[in-house]
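Enquirer: Have a look at this one before I ask anything.
The values are calculated or read from the model by the stated rules, or taken from the named source; none is laboratory data. All values derive from a computational prediction rather than experimental measurement. Here the Cβ positions follow ideal geometry from the backbone for every residue, glycine too, while neighbour counts run over all protein chains shown.
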Amino acid sequence: MIAGLAHLEAGAGRPAVVLLSGGLDSTTTLAVAIRAGWRCYALSFDYGQRHRAELDAAAIVAATLGASQHRTLCLDVSAFAGSALTDTGIAVPETELAGIPPTYVPARNTVFLALALAWAETLGASDIFIGANALDYSGYPDCRPDYLAAFEAMANLATKAAVEGARVSIRAPLINLSKAQIVSTGLELGLDLATTVSCYQADANGRACGRCDSCRLRKKGFAEAGQPDPTRYRG
């Protein structure tokens, strides 16, 4: 049994919106959902992040995996500043830090899930997939299971579809997996993980820095999975 599919019901061709950044976790989540039989609509965001390489990767992933549709919404949250991912005046840390790191983007998953919810309602979809992970992650508060449960509860109060009986489910099939298990799941699903971009400060060609927290977690995942790391790093 593929780890990411262990507790996921069959989609049976039903539509679902999948948040897709172009990174390892979201790509694996999309593959898990498609393999389980969901008809997937991938949603990415151009939110003023440091680079577009992950968006280029998301487009390739969506096309390769056969998403029913892929949309990228422009949403520049850099106007609010406060994050190293959207403000070039804040350095991306290259050593492990205690607490919530400066790469946290204020309310990012809440904003993304809200827009995914709106698209899902127009599609007649009751399911939204997110690649959130609560084990090997950077301590972001909007990746926790209790946060996702709270958003699901809100979604079922806030939408016409849910009030009329189409209950919304927020699905995070990777939530309890280690990064090594996510790597293994992706490889079992036949993914070319070299096409994914996880680095917080990748260059224009998608080559990773190898030093940021996301790169360190990704390297750790491949090492602990006993798999060669196909990530393209800068020289």
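Enquirer: Can you tell me which residue in segment 125-151 is surrounded by the fewest Cβ atoms within 10 Å (Cβ to Cβ), limited to those that are over 21 Å from PRO106 (Cβ atoms) and touching a Ser or Thr at 6+ places or on another chain (Cβ under 7 Å)?
Expert: The selected residue is LEU135.
Enquirer: A further question follows. Restricted to segment 1-45, and to residues that are in a helix (DSSP H, G or I) and touching a Lys or Arg at 6+ places or on another chain (Cβ under 7 Å), which residue is nearest to ALA116 (Cα to Cα)?
Expert: Top of the filtered list is LEU24.
Enquirer: For SER169, indicate whether it is among the small types (Gly, Ala, Ser), buried (at least 19 other Cβ atoms within 10 Å of the Cβ) and either closer than 22 Å to ALA53 by Cα or at pLDDT 95 or above (or both).
Expert: The answer is no for SER169.
Enquirer: In segment 205-223, is there at least one residue being more than 19 Å from the chain's Cα centre (by Cα) and either crowded, with 21+ Cβ neighbours inside 10 Å or within 16 Å of ASP25 (Cβ to Cβ) (or both)?
Expert: no
Enquirer: Can you name every residue in segment 59-84 that is under 30 Å from ARG35 (Cβ atoms) and out of contact with any strand residue (DSSP E or B) (no Cβ under 9 Å at 6 or more places or on another chain)?
Expert: ILE60, THR64
Enquirer: Would you check which residues across segment 98-129 are over 20 Å from PHE45 (Cα atoms) and touching a residue at least 12 places away in the same chain (Cβ under 8 Å) and list them?
Expert: Answer for segment 98-129, where residues must be over 20 Å from PHE45 (Cα atoms) and touching a residue at least 12 places away in the same chain (Cβ under 8 Å): GLY99, ILE100, PRO101, GLY124, SER126.
Enquirer: Please find, within segment 147-191, the residue that is farthest from GLY23 (Cα to Cα) out of those that are part of a loop (DSSP other than H, G, I, E, B), of a type outside the set (A, V, I, L, M) and within 19 Å of the chain's Cα centre (by Cα).
Expert: This residue is ASN176.
Enquirer: Read through the list (1) of a type in the set (Val, Ile, Thr); (2) in contact (Cβ under 8 Å) with a residue 40 or more places away in the chain; (3) more than 21 Å from ASP192 (Cβ to Cβ), then give the number of the only condition that VAL77 fails.
Expert: (2)
Enquirer: Being at pLDDT 90 or above, assigned to a helix (DSSP H, G or I) and under 24 Å from GLY221 (Cα atoms): is that true of ASN109 here?
Expert: yes
Enquirer: While we're on this one: Which residue, of ASN176, ASN133, ASN156, is at pLDDT 95 or above and either in contact with a Pro (Cβ under 9 Å, 6 or more places away or on another chain) or not charged (D, E, K, R) (or both)?
Expert: Going through ASN176, ASN133, ASN156 in turn, the sole match is ASN156.
Enquirer: So, of the residues in segment 18-76 that are out of contact with any Leu (no Cβ under 9 Å at 6 or more places or on another chain), at pLDDT 95 or above and acidic (Asp, Glu), which turns out to be surrounded by the fewest Cβ atoms within 10 Å (Cβ to Cβ)?
Expert: So, considering only residues that are out of contact with any Leu (no Cβ under 9 Å at 6 or more places or on another chain), at pLDDT 95 or above and acidic (Asp, Glu), the one surrounded by the fewest Cβ atoms within 10 Å (Cβ to Cβ) is ASP56.
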